[in-house]
Structure formats: structure tokens, C-alpha cells
2 protein chains.
Amino acid sequence: MIKELIAKNRSYRRFFEETTIEYDTLRELVDLARLSASAANLQPLKYILSCEPRKNARIFRNLAWAGYLKDWPGPSEGERPSAYIVIVADRQIAFSVDCDHGIAAQSILLGAAERGLGGCIIASVQKDRLRQELDIPDRYEILLVLALGKPAESVVIEQAGRDGEIKYWRDKEGTHHVPKRSLDEIIIG
Amino acid sequence: MIKELIAKNRSYRRFFEETTIEYDTLRELVDLARLSASAANLQPLKYILSCEPRKNARIFRNLAWAGYLKDWPGPSEGERPSAYIVIVADRQIAFSVDCDHGIAAQSILLGAAERGLGGCIIASVQKDRLRQELDIPDRYEILLVLALGKPAESVVIEQAGRDGEIKYWRDKEGTHHVPKRSLDEIIIG
């Protein structure tokens, strides 16, 4: 059931870093994005894969983690992602992208969840520095970085309060809590 | 397998219009979007549901269909969508949306595919007119319209040619062909 897979597909930020992800697995995940919808079927998205420690490190140091967890600077060594998929837009194909990258990211992460992996969609990226470090030509606009690994944390969904508070938080046991708005709040009209 | 579901989840534009979709089914589909990722967990997306002929007609006449099929003005009576989900952004929550609507649309359409339904993500919408017809307050920005129904056409994926031609086309039997770029073309670096 797709509902179980979507429920399982939480945003994870701590991983068993020693559990590696094969390059071919990343290719299979990108294939899920390839088969997904694209506006006017233009398919402007391109993908840069990383599952090798030195390349992973070059990506990791240009990412910002979990804005609401003010006293947590991000995953420490040993709990960092084992792999990344950088989603870029090929400006020679489309000058701007509306929601193709969201469609692609969701397909990839559902595929990861099915394989017992997990990840996080990161848009808070030092793009100029990442471009330099990975030697990405100007032709490609960096849109998102998907961090991937075997999740090493527990994430639970809970009902957002009446105060509308939606900031996620981490309890003393390290469980990550994510308040979601109710169905009645998000269906209007 | 998520791959089969993603492969099944084509963009459909002709439907068995007499096959209705229940309001509760639309709610279940929106619940899949509700449980999906949202940037900074802000959850600015709201949803307007329609599965009633008069409301459907008010939405339908503000949509543009299949830009590449120049001699096809869109589905005729009897093959139009049975339902719609209009995705809007609540500007009181977030001033702009990056890719949340793509994530949400993909979750909803995968849920539809699992139920034997299908649909199409439509961004080419006469938004001002649709706002008037559905009486949508200015607070909400119209992002996408998802057209939904029981598919009445066959859609096949094929390999994009070396010439890079990606325009979809319809053959004499009415089968819709969608050229997709190869995995080797979209993985770079």
C-alpha cells in the first residue's frame, strides 16, 4: 500500500554511515524519477550521484540541517548520509522549473523507503561552493540535494496543536517529532 | 513495488467520465499529500476538492490540455475528468513554495494509480478566472490542478530519440506515446 510507504518515508537526518549504498542503487532510484511526470515532458532535470566518502564529504559540508533544532549542528561523523543525489536543472532544456524536482524527489525517496533506506530533501545548500567543489558547469542550476542512508533515528508524526505550531522537535530519547496539520485544516472550500 | 506503480502512473487526459469518484476518495488522496514532506514542515498547501458535475465544469473550462497535440482541444464530453484536486498555497503560511506542490502531486497521483484511477498535473490554468468561479480568496495562490478519473486511453513510454525529441504524440489508434530521456543522459558528472 502506497500509504504505508508514504508514512514510512519520513525525513531522516541521522544514519548508520557505515552502511554503504551502491552506485547501482542510486541509478535505480534516479530511474524512478526518470519515469515520473515532467512539465511538457521536457525532462530538464539531471542528477549527480555520490556514494564515495571523499565526494560525500564535499557535499556534506555545504548543507544546512534541521533549522528548528538550534543546538544541533547536523549529523556527526558516523551518522552522516552514505550517499547523495544532487538534482540540477539543465538550463539548455528549461530556463525554470516549477515542480518537477518535487515530483522527482518524492519518487526517489519512496524508492529509498521501499529498500529500507531513508533520506532528507535539502534545499538549504551553499550552492556556489557546492558548484565549485563538484565542478558543476554553469549550465546546471542546483535545485536540491537528497541525503540518503540507512536511518538511525526514530521519527513520529503527531497532530499539530490548535496553536498551529508545526516546528519539529527532538525528545530526550532522540525521537524526532513532526506535527502535521489535520486533514480538515488543509481541505478548504 | 513502487517502480510498477510509478510506471503505471502516466499522465492521462481522457477518462470514463461516467465513473464517478467519491468525495471520501479525494480526502484519502489528500491525506497522502498531508503525510508527505514539506519544506521546514510549514505545510502551506491547501486543497480544494471537486467531484460534482457543475463544479467540475467550472474547473474544466479554465484548463489547457496537451500543448503538443495541436489539433486536439482537450477531452470532449463523456471523456472528461470525474474529479479535481486544486492545490493552492496559503500565503499566510508561506509566501512562496519551492517544490512542496510537486511532492504532494506525486503522492496523490500514486495513490490514484493504486486505486485504478489516473490523472494529469495541470499547471496551465486560467488562474484569475478559476479564482472567480470557485470564489477562492486572495489569501490562496493557485498552484496546480490535478485532473482525476478512470483512464480511457493507453499511454506508453518510449526512448527519446538521439535528436532529443521529447514531444509526446498520439498514433492513429489513439495511443499516447511519451519519449523519455535515457538514464545515461540524465545522470551527469
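The values are calculated or read from the model by the stated rules, or taken from the named source; none is laboratory data. Keep in mind that what you see is a predicted model, and the values were worked out from it rather than measured. Glycine also receives a Cβ, built like all others from the backbone with ideal geometry; neighbour counts cover every protein chain displayed. Heavy atoms of the whole protein, side chains included, go into the accessibility calculation; ligands, DNA and RNA do not. Shrake-Rupley method; radii C 1.70, N 1.55, O 1.52, S 1.80 Å.
Counting only residues that are in a loop (DSSP other than H, G, I, E, B) and among the aliphatic types (A, V, I, L, M), how many does region B:59-68 have?
Total meeting the criteria: 2.
Each row is one residue, and each column tells you yes or no for (1) within 30 Å of B:Ile121 (Cα to Cα); (2) surrounded by fewer than 23 Cβ atoms within 10 Å (Cβ to Cβ).
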| residue | (1), (2) |
| --- | --- |
| A:Lys3 | yes, yes |
| A:Phe15 | no, no |
| A:Arg27 | yes, yes |
| A:Leu35 | yes, yes |
| A:Ser38 | yes, no |
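Table: residues versus (1) assigned to a loop (DSSP other than H, G, I, E, B); (2) within 14 Å of chain B (Cβ to nearest Cβ).
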site: A:Ala7; (1), (2): no, yes
site: A:Glu18; (1), (2): yes, no
site: A:Ile48; (1), (2): no, yes
site: A:Ala57; (1), (2): no, no
site: A:Lys70; (1), (2): yes, yes
site: A:Arg80; (1), (2): yes, no
site: A:Ile85; (1), (2): no, yes
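Go through region A:96-189 and tell me which helices (runs of 4 or more DSSP H), entirely inside it, have 1 or more residues that are at the interface with another protein chain (Cβ under 7 Å from one of its Cβ atoms) and open to solvent by 60 Å² or more (accessible area, probe 1.4 Å).
Helices (runs of 4 or more DSSP H) meeting the threshold: A:100-114.
How many of the residues in region B:76-85 are touching a Lys or Arg at 6+ places or on another chain (Cβ under 9 Å), touching a residue at least 60 places away in the same chain (Cβ under 8 Å) and over 11 Å from B:Asn56 (Cβ atoms)?
Total meeting the criteria: 1.
Could you please find all residues in region B:20-46 being more than 7 Å from every other protein chain (Cβ to nearest Cβ) and out of contact with any helix residue (DSSP H, G or I) (no Cβ under 8 Å at 6 or more places or on another chain)?
If the condition is that a residue be more than 7 Å from every other protein chain (Cβ to nearest Cβ) and out of contact with any helix residue (DSSP H, G or I) (no Cβ under 8 Å at 6 or more places or on another chain), then B:Thr20, B:Ile21, B:Glu22, B:Tyr23, B:Asp24, B:Thr25, B:Leu26 are the ones that fit.
Name, by its number, the condition in (1) closer than 18 Å to B:Lys127 by Cα; (2) in contact (Cβ under 8 Å) with a residue 60 or more places away in the chain that does not hold for B:Val88.
The one condition B:Val88 does not meet is (2).
Among the candidates A:Ala104, A:Ala112, single out the residue that is modelled with pLDDT of 95 or more, within 27 Å of B:Asp90 (Cα to Cα) and not β-branched (Val, Ile, Thr).
A:Ala104
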